[in-house]
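*Asks:* After the C-alpha cells below, expect a handful of questions from me.
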Amino acid sequence: MELVEFSLERIQSLFENTVDHNLSDSGVHPYTMRELLTPEQIEQVLDVELGYGWTNGEPALRRSVANLYRDRSADEVIITNGSAEANIIMVMSMLEAGDELIVVVPNYLQIWGFAKALGIVVREVPLREDTGWQPDMDELARAVTPQTKMITICHPNNPTGSILSPEGMDALVAFARKHDLWLHADEVYKGSELDGVESSSFVDLYEKCIITSGLSKAIALPGLRIGWLVGPKDEIYKAWQSKDYTSITASAVSEFIADIVVQPTKRAEILVRSRRILNENVALLSGWLDNNANLFSCILPKAGGMAFVRYNMDINSTDLVHRLREHRSIMLLPGDVYGMDHFIRLGVGAPKSHIEQGLKHLSDYARSEF
Ligand SMILES: Cc1ncc(COP(=O)(O)O)c(C=O)c1O
C-alpha cells in the first residue's frame, strides 16, 4: 500500500511544538481534566476499570451518542479513537478498489489520501470561493460515473469554516439520492457554528448517509481521542469488523469521560465556551484584516477552529510558512497542504493573547518583507 504523505499533518507534527506562537491548530483550546470535571467525577474516574471494555464502545456511551441524532439506537453507533479512526474504518468498510469517491474539496485530506492508497478512484469537486465556499451542483453531476459509490464532505468545513444552508444540505442529499450514492460527512466541527445555530447532521436527513464525528474540535477535547461513526446498522457492524484490525477498542477512561461530556447540558455548556473563544478571536482577526487589507483577505469562518486567509504577496505558501517560523517563531499551515497556494490556514481557537501576538508578527513580517 502506497500512502501519499499526509502533508497537512506532517508539517504540524514536525514544527507545531517548536515555535512561540502556534497558530496551526485547528480546534478550540482544550480543557484540562480539572476544568472539565467536578471533584466527584474526578474521583469516579479513579475507579474506572482499565479493561478492554466493549470493542464497539461502551453501551451507555453509544446510547448517549445515538441520542445526539434522530431516532438512532446504540447499534447504529460505534465509538472510535478520534474521528481519525472513524474516517479510516469508514473507508475500509464502505469502499473497495475500483470504486469511485467524490471528495468535496478543500477538505481534511485524510479520506482523500487513504482512499487513493486502497486503489479507490478519487474525484475532486471544489467548493467555490466566489459563492462563499459552496459546492456547484453541475460540477458534482459531471463527476458522477457508473462506478461512483460515495460523496464525502467535511461539514462544517475544514479549512474554510463554511457551512451549507439548510437548503444547500437538502440539495446535496437530493443529489446523492437521485444518483443512489452514499453520502459521508465528517462532522467533527458541528456545534461550533459562531451564531449558535447548530447545523443538522446529514445522518438525520438521508438513509444512505454515514457520518464521522468526535470530541476533538467543537468540543475541545482532542486528547481524549474519542470519535464515532453513525449510520445504518449493517454498515456500522461492518465498520466494527474493520476496527478489530485497527485498534480493537477505545480507552475505558476516555469513554467514561466522554459519556459525561455528550450529555445535553454538559455538551451545551462546552459549546458555549467554544463559541465564545471563536467569536472573540474571529472579531480580532476581522479587525486585523481591515488594517491589512492590501496584503490579506478572507471570507470569515462561520464555524470551526480556523480561517482560510488569502494573501497578496509574491511567495509560495510553504516558503512563507517556513520563513515565518524561522524568523518570527510563528506556525501557520500553508494552503499548499490543501493544494491551494496563496492561502494560509490560521487557527482561531487558541487563547486570544496568542492570536493577538501571532497576527502582529504576521503583519509586521509581511510589511517588512513584501
Ligand atoms: C475535519 C477533521 N476530521 C477529522 C480529524 C481528526 O480528528 P481527531 O481524530 O482528533 O478527532 C481532523 C483533525 O484535524 C479534522 O480536521
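*Asks:* Do we find that residue 64 is more than 16 Å from the ligand (Cβ to nearest atom), farther than 16 Å from residue 233 by Cβ and surrounded by 19 or more Cβ atoms within 10 Å (Cβ to Cβ) in this structure?
*Replies:* Yes; evaluated as a whole, the condition is true for this residue.
*Asks:* Just to be sure I understand, how many residues within the stretch 203-228 are away from the ligand (no atom under 12 Å from the Cβ) and either outside any helix (DSSP H, G or I) or more than 18 Å from residue 74 (Cα to Cα) (or both)?
*Replies:* The number of residues fulfilling the criteria is 6.
*Asks:* Take the residues of the stretch 344-370 that are assigned to a helix (DSSP H, G or I) and touching a strand residue (DSSP E or B) at 6+ places or on another chain (Cβ under 7 Å): which is surrounded by the fewest Cβ atoms within 10 Å (Cβ to Cβ)?
*Replies:* 357
*Asks:* Still on this structure, please answer the following. Check the stretch 167-183 and report whether any residue there is assigned to a loop (DSSP other than H, G, I, E, B), farther than 21 Å from residue 260 by Cα and within 16 Å of the ligand (Cβ to nearest atom). Quick ask: steps written out before the conclusion?
*Replies:* Of all residues in the stretch 167-183, those assigned to a loop (DSSP other than H, G, I, E, B) come to 179-181.
Keeping just the survivors that are farther than 21 Å from residue 260 by Cα gives 179-181.
Subset that is within 16 Å of the ligand (Cβ to nearest atom): none.
No, the stretch 167-183 contains no residue that is assigned to a loop (DSSP other than H, G, I, E, B), farther than 21 Å from residue 260 by Cα and within 16 Å of the ligand (Cβ to nearest atom).
*Asks:* Quick check: anything in the stretch 30-41 surrounded by fewer than 20 Cβ atoms within 10 Å (Cβ to Cβ), within 16 Å of the ligand (Cβ to nearest atom) and more than 30 Å from residue 147 (Cα to Cα)?
*Replies:* Checked the stretch 30-41: at least one residue is surrounded by fewer than 20 Cβ atoms within 10 Å (Cβ to Cβ), within 16 Å of the ligand (Cβ to nearest atom) and more than 30 Å from residue 147 (Cα to Cα).
*Asks:* Considering only the stretch 184-202, state which residues are away from the ligand (no atom under 16 Å from the Cβ) and under 23 Å from residue 110 (Cβ atoms).
*Replies:* none
*Asks:* Then there's this: Considering only the stretch 134-154, I want to know if a residue exists there that is touching a residue at least 12 places away in the same chain (Cβ under 8 Å), small (Gly, Ala, Ser) and on the phi > 0 side of the Ramachandran plot.
*Replies:* no
*Asks:* How about the stretch 33-50: which of its residues are touching a residue at least 40 places away in the same chain (Cβ under 8 Å) and not in a helix (DSSP H, G or I)?
*Replies:* 37, 48, 49, 50
*Asks:* Right, something else. Can you tell which of 363, 368, 317, 329 is at positive phi and among the hydroxyl-bearing types (Ser, Thr, Tyr)?
*Replies:* Going through 363, 368, 317, 329 in turn, just one is at positive phi and among the hydroxyl-bearing types (Ser, Thr, Tyr): 329.
Coordinate-derived values only; no laboratory data. As the structure is a prediction and not an experimental result, all values here were calculated from the model. Counting neighbours? That spans all protein chains shown, and the Cβs are built from the backbone with ideal geometry, glycine included.
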